[in-house]
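Here the structure is laid out as structure tokens; the discussion comes afterwards.
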Amino acid sequence: MKETDINESALLNENGQRDAEQAWAADVRRAAIRPTIGRASVAWKLSVTVLGLVVLAGLGAWIYQFKRGLGAAGYNDQAFWAVYIVDVVTFIGVSYGGAVISAILRLTGQSWRAPLTRLAEGTALVTVLIGALFIFPHLGRPERFWEIPIYVNTSSPLFWDFMAISTYVLATVIFFYLPLVPDMAIVNKTLGRADRPARFRIYKALSLKWMGNERQRRLLHSVLTLISLIIIPLAVSVHSVLSWAFATTSRPGWMESVFPPYFVIAALYSGTALVIVVASAFRKGYRLERFITKRHFVRLGYIMAALGLVYAYLTIADLLSEGYTGITSGWIRQTIAGRYAIPFWFYVVFGEVLPIALVAVKKTRNIKGMTVASVGVVIALWVKRIVIVLPPVTQPLIGGFWGTYHFTWVSITITVAGVAAIPFGLMLLFRFLPVLSIDEMEEMGELGSVEQVSKETLAVQKQAPAYAYANGNGHVNGNGVGMPEKEVQL
Amino acid sequence: MKSLSRWLIAAVATIGSVLVVSGTAVAAAGQSSAVLDLAVQTVSANGVNLALSAQAGSGASGQSVTFFVQTQEFSSHGWMALGTSVTNSAGEATYTYTPTWTGTELFGAALGSSDAVATPSVTKSFQVLKDPPGVPQSVIEYSRPLGTEGGIFVKSILSVLALVWILLLGSLVLVVWRMPRLTRASVDTSQSGRN
């Protein structure tokens with residue numbers, strides 16, 4: 001990708017002075033816009049091609065399953081729900097995590113969120129769409145899906161799910177789009193009409209003639225605050241509704257009042273982990289090291305660890321309350337020490353012990369450590385959901401024969417395709433839209449966005465004002481030149 | 001007190017002695033003319049299975065008839081297809097169904113397979129009572145759960161959801177409508193300032 005692809009003059013302010021603030025803004029713009037309007041690298045093309053082929057393979061497997069029936073995916077009379085409902089819950093769950101984390105940080109005015117919000121909101125958008133699509137392989141008669149909104153059955157939890165997920169998709173799209181408005185104006189200005197007229201027109205339309213004046217900022221801020229306020233309870237309630245698809249079924253192991261918070265916390269836990277994984281991958285692949293730093297990972301790691309502890313508590317609460325009575329505890333025995341023990345203990349080790357240990361130990365509390373912990377959490381939580389679904393569903397209600405479920409190449413291919421669709425979707429998304437929230441990062445300034453300086457550094461900067469100054473908004477900005485790279489020890 | 005309980009038991013036994021309250025088949029509003037005659041019979045060995053039969057006329061043998069029941073659990077009053085049966089040489093199609101709740105059941109039938117028809121053309125109501133006579137212990141133990149209360153609950157939740165949609169779409173429309181106008185206002189102000 002050539003640096004000259006970017007219109008340098010548009011990166012400067014009216015006076016053309018490259019002072020510290022402008023240098024930071026120019027760096028942010030260059031890093032955010034380069035992947036969007038620059039030429040795609042060979043690595044990008046190769047990655048997208050490979051991921052696209054995996055997604056296509058999944059589509060092919062689904063067509064095969066559509067012709068042969070759900071038996072092709074290993075479903076049978078007893079295991080009538082299996083891997084696809086796990087995929088639905090997992091993908092939509094991680095989406096909630098991304099959106100809620102972004103909304104909470106936005107509402108609480110955490111300036112360090114700025115380099116992460118676009119990635120978190122983009123992840124939320126892509127994963128909720130993939131999760132919603134996974135409903136189709138989950139259905140035995142997907143061609144009848146349109147009947148759900150036409151022949152409304154208000155007593156069906158599946159109808160509730162339909163309403164909840166569609167509402168959440170709408171909220172996620174709006175929550176992703178609105179912060180993009182100022183950035184669209186910036187990209188449009190940078191791109192220029194002559195380069196790509198079609199794109200120019202789209203960006204122009206999406207920018208809503210944004211100028212960045214005070215009243216526009218106030219309006220956007222107010223609306224974003226409202227959407228952030230809506231999206232948090234919405235995500236909590238929507239994932240509760242998803243859990244009711246299980247909890248309203250009279251089946252031991254599913255019919256549990258703990259399920260809604262259980263599902264919500266799992267969603268937030270795995271969602272935070274996925275944001276870390278995505279941030280780590282894009283930081284490396286899109287050369288965002290200057291903007292997404294160790295501190296971002298460590299802070300997200302703290303949030304993830306806290307959610308992990310709550311989830312561990314809820315897991316114990318779920319098993320204890322039903323296991324203690326012993327009336328319908330066959331599935332618990334199978335989970336802890338029976339046929340599902342390996343996946344359950346896999347979750348305990350890689351979904352709880354390892355990530356919390358990696359966050360707790362100072363030596364591993366770094367980017368690599370947090371990434372490893374997050375990968376463990378994302379995989380282990382998928383496995384945990386398998387353990388939530390399969391033991392109760394295969395438990396015999398009459399007689400003593402346990403049902404079985406075996407993964408087939410069809411279910412594996414479709415699930416892997418769903419996983420591949422996340423980076424595939426994100427890479428395509430950020431081929432057209434800036435990967436960083438440019439306007440927010442400029443507004444927060446370098447110190448707010450990155451916070452690489454310690455108190456000691458600030459003290460030095462007070463004595464030597466060339467390193468830091470207050471901008472018009474009252475933000476203290478670092479100049480990014482000659483600034484110490486020392487990070488705060490947490 | 002004892003006499004009261006005896007009276008109650010006797011009353012329940014009397015009510016329980018009637019399993020069927022007959023209903024009249026009627027054509028559902030908006031449907032084509034009723035070509036079926038739906039009947040609900042009580043002939044079964046264990047006393048809880050119901051034989052639904054639909055008469056399509058003597059000349060209509062080999063035709064598919066789909067039977068329906070109106071779902072009323074937790075607020076819904078939608079039609080659920082029970083299954084499809086084929087008419088015999090006498091033009092009659094039968095289907096066996098075991099109700100699981102006490103109270104009024106509304107059954108329906110329509111000519112055609114379940115892929116082709118979604119609502120019945122004829123309906124018939126039926127009263128399911130707990131512990132009918134001659135049956136030691138019925139599996140029909142419960143009345144429908146939260147039919148009315150569930151309806152209020154679901155409708156309330158859907159109203160909140162509608163409000164959320166209005167808020168979300170309203171916010172989007174507000175930004176899309178207002179933002180360009182604020183730009184225009186700003187440009188106008190700066191131009192008038194220069195003048």
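Throughout, read-outs are computed from the coordinates displayed, never taken from laboratory work. Fair warning: this is a prediction, and the values are worked out from it, not measured in the lab. Cβ sites come from the backbone with ideal geometry, for glycine too, and all protein chains shown count toward neighbours.
What number, in nm² with one decimal, is the all-direction average of the projected area of the convex hull of the alpha-carbon atoms of region A:278-337? Intermediate values should be presented prior to the final figure.
Details: hull surface 23.4 nm².
Average projection, Cα convex hull of region A:278-337: 5.8 nm².
Here the spin labels are modelled as points 7 Å beyond Cα on the Cα-Cβ line, and at A:Val416 and A:Thr108 they lie 3.9 nm apart.
FRET efficiency for the pair A:Tyr324 and B:Gln127, taken as 1/(1 + (r/R0)^6) with r the Cβ-Cβ distance and R0 = 41 Å, rounds to 0.45.
For every helix of n ≥ 4 consecutive DSSP H residues, a contribution of -39,500 (n - 2.57) applies; sum these over chain A, divide by its total residues, and give [θ] at 222 nm rounded to the nearest 500 deg cm²/dmol.
On the way: 19 runs with 330 residues, N = 490.
That calculation yields -22500 deg cm²/dmol at 222 nm.
Compute the label zone of A:Phe66 within region A:139-174: residues whose backbone N is under 13 Å from the point 7 Å along Cα-to-Cβ. Of the residues in region A:139-174, A:139-146 have backbone N under 13 Å from the label point off A:Phe66. Our estimate of slack between A:Val361 and A:Tyr313, defined as 0.36 nm per intervening residue step minus the Cα-Cα distance, is 15.2 nm. The Cα center of region A:95-155 and the Cα center of region A:43-73 differ in position by 21 Å. Legend: ranking of residues A:Tyr269, A:Tyr311 from fewest to most surrounding C-beta atoms inside 10 Å; resulting order A:Tyr311, A:Tyr269.
Not counting the cut sites, what is the longest span of chain A without trypsin sites (Lys or Arg not before Pro) that DSSP labels loop and that have at most 14 other Cβ atoms within 10 Å? The longest such stretch corresponds to A:40-192. With the cut-off at under 20 Å, measuring from each backbone N in region A:100-132 to a point 7 Å along the Cα-to-Cβ line of A:Phe407 picks out A:131. Put a dot 7 Å past the Cα of A:Ala57, heading toward its Cβ, do the same for A:Ala40, and the two dots end up 2.0 nm apart.
In region A:376-396, whose amide N lies under 19 Å from the spot 7 Å out along Cα-to-Cβ of A:Val349? List them in ranges. The answer is A:376-388, whose backbone nitrogens lie closer than 19 Å to the label point.
Where a ≥ b ≥ c are the square roots of the eigenvalues of the C-alpha gyration tensor, would you call region A:98-148 rounded, which needs a/c under 1.5, or, failing that, prolate if a/b is larger than b/c, or oblate? If you can, show how the numbers build up before the last one.
On the way: a/c = 5.51, a/b = 3.52, b/c = 1.57.
Verdict is prolate for region A:98-148.
Counting Lys and Arg as +1 and Asp and Glu as -1, what is the net charge of the other residues whose Cβ lies under 14 Å from the Cβ of A:Arg215? Mind dumping the intermediate values first?
On the way: positive: A:Lys209, A:Arg217, A:Arg218, B:Arg178, B:Arg181, B:Arg184; negative: A:Glu214, B:Asp188.
Net charge around A:Arg215: +4.
What longest range of chain A stays clear of loop-exposed GluC sites (Glu not before Pro) (DSSP non-H/G/I/E/B, at most 10 other C-beta within 10 angstrom)? Please list the in-between numbers first.
Values: sites that count: A:Glu14, A:Glu485.
In short, A:15-484.
Neighbour counting of Cβ atoms within 10 Å sorts the residues A:Val94, A:Val55, A:Val50, A:Val410, fewest neighbours leading, into A:Val50, A:Val55, A:Val410, A:Val94.
Quick check: convex hull of the Cα atoms in region B:146-195, volume per residue, rounded to a whole Å³? Walk me through the numbers on the way to the answer.
Details: hull volume 2.2 nm³, N = 50.
Value for region B:146-195: 45 Å³ per residue.
Temperature 37 °C, viscosity 0.692 mPa s: under these conditions the Stokes-Einstein estimate for chain A, based on its Kirkwood radius over C-alpha pairs, is 136 µm² per second.
Between B:Ala116 and B:Ser89, the modelled labels are 2.4 nm apart [label points 7 Å from Cα along Cα→Cβ]. Inter-chain neighbour count for A:233-244: the average number of beta-carbon atoms from partner chains within 10 Å of each residue's beta-carbon is 1. Ranked by how many other Cβ atoms sit within 10 Å of their own Cβ, fewest first, the residues A:Ile85, A:Ile227 fall in the order A:Ile85, A:Ile227.
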